[in-house]
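The values are calculated or read from the model by the stated rules, or taken from the named source; none is laboratory data. Just so you know, these numbers come straight off a predicted model, no measurement behind them. Here the Cβ positions follow ideal geometry from the backbone for every residue, glycine too, while neighbour counts run over all protein chains shown. Side chains are part of the model used for accessible areas, which takes the heavy atoms of the whole protein and leaves out ligands, DNA and RNA. Shrake-Rupley method; radii C 1.70, N 1.55, O 1.52, S 1.80 Å.
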Amino acid sequence: MAKGSSVAADLVEFLNASPTAFHAVDEAKERLRSAGYEQVSEREDWSLEVGKKYFFTRNHSTIVAFAIGKKYVAGNGFHIIGAHTDSPCLKLKPVSKVSKGGYLEVGVQTYGGGLWHTWFDRDLTIAGRMIIREGKDSGVSYSHRLVRIGEPIMRVPTLAIHLSDRDADGFKVNTQSHLLPVLATSVKAELNKVVSENGPVESGSSVDGKNANEISTADNQKHHSLLLQLLAAEVGCKPDDICDFELQACDTQPSVIAGAAKEFIFSGRLDNLCMSFCSLQALIDATSSESSLEDETGVRMVALFDHEEVGSNSAQGAGSPAMLDALSRITSFFCSDVKVLEKAIQKSFLISADMAHALHPNYMDKHEDNHQPKLHGGLVIKHNANQRYATNSITSFIFREIAIKHNLPVQDFVVRNDMPCGSTIGPILASGTGIRTVDVGAPQLSMHSIREMCAVDDVKHSYEHFKAFFQEFSHLDSKIVVDI
C-alpha cells in the first residue's frame, strides 16, 4: 500500500474509533501509550526527564502530549501543533424524555454550527460518557465510562413532500421542533413489556389528566427507560447505577476511503479529527526512534482541545489555562525562575491546524479568484487581516520553508470581503500565550455536515508537513534573525 493510502487508512480507523471527543481522546491515549508515552496527572507532581515522552488529559476530552529533547534546557522553545477534538452534533438534553403522538422521542440540543438538515434520515445511535456508581454503602465509588451503542437505534425522519410547503425556499429546519430523533413507538414498547430497575417503558398514557411529557421529573424519569436499559447493557451495569451522562447522537455509517479513483475520504467529524490525527501521528513518528530526540533542543508538543466549535471558553478549551499550565509545569520542573518561561514563549512556535474550505465546483462564486484551495493541493495557509486567523508573514514563511525543503504543496486562503470569516483556536492561543502562530488546515468539502469529505493526498501531505515541522523547526528557527 502506498504511504498516502496507508496514512489515510489509519485515519479512517481513528475516525471509526472516535464518535465523540471522549472517544477520540481515549484512542489518542492508546496510540501514545503504544508509542512509549507515559501518562502524567495534573493533580500530581510531575517527574520529567530529557529524552522522555509524556501526555496528560483534561476532562477526558482534551489531551496534551509532549516529547522533551535530549538537549533541552529550561528556557528553550516549544514546538506545538494545536487542533480540536469536538465537532457539531446533537447532544442529549438533561431531561431527554419526550413522548408525543404515540412515539418515544429523544430531546436533543444543537452543539456548534452544524448543517442540521443533513441529520435527517440518517441511521443514528448514541455515544459519549457516563458516570457509573460501583459498589455499595461505604464501599461505593464512581467511575467515568465510555459508551457507544453499535447498532442504529433512532432516526430523525423528514416530512413527506406532500405535507410540506413546496414553495418554501430550501429545507428550513426548526431546531427545537424538527430535530428530535424517534427512538420507538409507545405501542411497541408496551407490547414488549420492556422493564428495567427504573420501571416500565412509558406507554404515553395520561396520569391525572396529563400527558407523559407533561409529568414533573420529580414523579417520572428524566430519560426513557428503554434508552437507559440499552446504555446499561452496553457497559454492563444496572440502569439505576447510571448517575449522569454526556451523550450525543452519532451517525452509524462508517468512515471510508471512497470515490471512483479511491481518492476521497467520506466521513463525519473530519473537522477536526483529521487534523487531530495527522498532528498526533506526526508527533508519534517524529519521536519513535532512539535517536529522534538526540539533537532536539526544544519540546515537541501536540494539544488537542475540546469545545472549539462553541468558542473554546471552558476548563478544557483552548481559552482555558491548559496550554500555559503545561508550558509552565515543564519549564519550572527544570528551572524555578519564573522569568525563564517568558523566554521560552518567545522561542516557541504554534501551528493551529483546523480544516479549510476547499473550492466547491457548484459554488465557484463563494471563493475569491486568487484564493481557491483545491483538494489534493496540500495544506492551506489561512490569512485574515482582522485576526480571525493568527498567521503573519514570519509564521507563514516558516511554514512554507518546511514545505519547500520537502517538496510539499501549500495553498493560501482569504475569505471574500463580502462574506463572514470563521475562526480557530489560533488567535485564542496566540493572544493568550504570546506564541508565534500560523493557521493552516487541509481542504475539505461539506464542512459541518454529518458527512464530510476530503482527499487522501491531503491527509498524506498534512502528516508529512507536520512531521517535518517537528523534526526541523529548531534548526530552521536558529537561522531567523531576531531584532534585539
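Each residue of the range 102-108 is assigned a 3J(HN,Hα), and the resulting list reads x, 10, 9, 10, 10, x, 10 Hz, derived from the Karplus form 6.51 cos²θ - 1.76 cosθ + 1.60 (θ = phi - 60°), x at Gly and Pro. For the range 387-484, the Cβ-based charge dipole about the Cα centre amounts to some 60 debye (Lys, Arg positive; Asp, Glu negative; other atoms uncharged).
Structural size metrics of the chain, computed from C-alpha coordinates, are Rg and Dmax of 24.3, 80 Å.
For the range 385-450, just say rounded, prolate or oblate: build the C-alpha gyration tensor, square-root its eigenvalues into a ≥ b ≥ c, call rounded for a/c under 1.5, and beyond that prolate if a/b exceeds b/c, oblate if not. Oblate. Estimated from helical segments only, the mean residue ellipticity of the chain at 222 nm is -8500 deg cm²/dmol, where each DSSP H run of four or more residues counts as -39500 (n - 2.57).
Among Leu92, Gly82, His465, which residue has its Cα positioned farthest towards the positive end of the charge dipole of the chain, with +1 placed on the Cβ of Lys and Arg, -1 on the Cβ of Asp and Glu, and the dipole taken about the Cα centre? Of the listed residues, the answer is His465. Along its principal axes, the range 334-484 has C-alpha extents of 56, 32, 30 angstrom, given from the largest down.
Using a probe of 1.4 angstrom and keeping all protein chains present, the accessible surface of the chain works out to 45 square angstrom per residue.
About its Cα centre, the dipole of the chain is roughly 180 debye, where the only charges are +1 on Lys and Arg Cβ and -1 on Asp and Glu Cβ. Segment Ser34..Ser328, full-extension length gain: 103.2 nm, with 0.36 nm per residue of separation and the alpha-carbon distance subtracted.
Based on Cα contacts under 8 Å between residues 6+ apart, the range 335-461 shows a relative contact order of 39 percent. Between Thr158 and Glu134, the modelled label-to-label distance comes to 4.5 nm, taking each label 7 Å out from Cα in the direction of the beta carbon. When peptides 351-359, 234-242, 414-422 are sorted by average Cβ neighbour count within 10 Å, with the highest value leading, the order is 351-359, 234-242, 414-422. Considering the dipole of the chain built from charges on the beta carbon (Lys and Arg +1, Asp and Glu -1) around the Cα centre, which of Asn174, Pro361, Ala403 is farthest to its positive end? So the residue we want is Ala403. Determine, from the Cβ-Cβ distance of Glu49 and Glu401 and an R0 of 41 Å, the FRET efficiency 1/(1 + (r/R0)^6), rounded to the nearest 0.05. Working from the Cβ atoms, E equals 0.85. Once the Cα atoms of helix 322-334 and of the chain are each reduced to a long axis, what angle between those two axes, in degrees from 0 to 90 to the nearest 10, is obtained? Value to nearest ten degrees: 40.
Compared with the dominant principal axis of the Cα atoms in the chain, helix 3-16 is inclined by about 40°. Among 294-304, 132-142, 115-125, sorting by the average number of other beta carbon atoms lying within 10 angstrom of each residue, highest first, gives 294-304, 115-125, 132-142.
Counting only protein heavy atoms and a probe of 1.4 Å, the accessible surface of the range 236-340 is 50% carbon and sulfur. Residue separation of His360 and Lys172 scaled by 0.36 nm, minus their Cα-Cα distance, works out to 65.5 nm of gained length.
Legend: distances between Cα atoms for Lys93/Lys188; Lys71/Lys339; Lys343/Lys374; pairs beyond 28 Å are Lys343/Lys374.
Placing pseudo-labels 7 Å out from each Cα toward the beta carbon at Ser478 and Thr252 gives an inter-label distance of 5.7 nm. Computed from Cα positions, the angle between helix 225-235 and the longest principal axis of the chain comes to roughly 40 degrees.
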